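The values are calculated or read from the model by the stated rules, or taken from the named source; none is laboratory data. Being a predicted model, the structure only gives us computed values, none of them experimental. Cβ: placed from backbone, ideal geometry, glycine included. Neighbour counts: every protein chain shown. Surface areas here come from the heavy atoms of the whole protein model, side chains and all, with no ligands, DNA or RNA. Shrake-Rupley method; radii C 1.70, N 1.55, O 1.52, S 1.80 Å.
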Amino acid sequence: QRFADHWTREQLFAHVNASEDSLQHIKSWFEETGLEVQEEPTMIKAGFVQAVGTVAQIEALLSVRLYRFIHKDFPWKTILRTLDPITVPLDIHPLLDFISGANELPSLHTSFQSTPRSSDHKPEEGAEEKGRPPPSPAITPDVL
């Protein structure tokens, strides 16, 4: 190829996009947990599925506990993230490239402190018996 030959956005999307069956399977998984799938055309066209839900729904979906991180100098700046390994059902695992918004943290130059979201949360027991693979070392904060 020539140096200045670049793919258009549409060519790139066509090359890396998930199949419609895969996207629908992931959307169904979200909806079964009670999450609301966001039908943003650009994201769907690019092969991304976006969903929103309650803390309890996200914790159940990913078998994690979410923590509130509070900036030590600016206590009104908070984020919810997990420190737990993320697990997903075996049939979903091969359909995912990454999960975003669950455990990535701001740069090291910010000062957040971790506190449990709630004291009454118990991690889901028996996740492996429910058909979930063990946590993958390939799923890291950089890709989630």
List the number of the failed condition for G53; all other conditions in (1) within 28 Å of P89 (Cβ to Cβ); (2) loosely packed, with under 14 Cβ neighbours inside 10 Å; (3) of a type outside the set (D, E); (4) at pLDDT 80 or above hold. (2)
When only residues in region 71-117 that are in a strand (DSSP E or B) and either modelled with pLDDT under 85 or among the aromatic types (F, W, Y) (or both) count, which is most open to solvent (accessible area, probe 1.4 Å)? Q113
I need the full set of residues from region 11-30 which are touching a strand residue (DSSP E or B) at 6+ places or on another chain (Cβ under 6 Å) and of a type outside the set (F, W, Y), in order please. K27
Is at least one residue of region 31-42 under 16 Å from the mean Cα position of the chain (by Cα), at pLDDT below 90 and more than 23 Å from L90 (Cβ to Cβ)? yes
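Being without any contact (Cβ under 8 Å) to a residue 60 or more places away in the chain, farther than 20 Å from P106 by Cα and of a type in the set (A, V, I, L, M) is the filter here, so list the residues in region 59-94 that pass it.
L61, L62, V88, L90
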Selection count where residues are under 12 Å from the mean Cα position of the chain (by Cα) and either at pLDDT 95 or above or assigned to a loop (DSSP other than H, G, I, E, B) (or both), scope region 58-70: 2
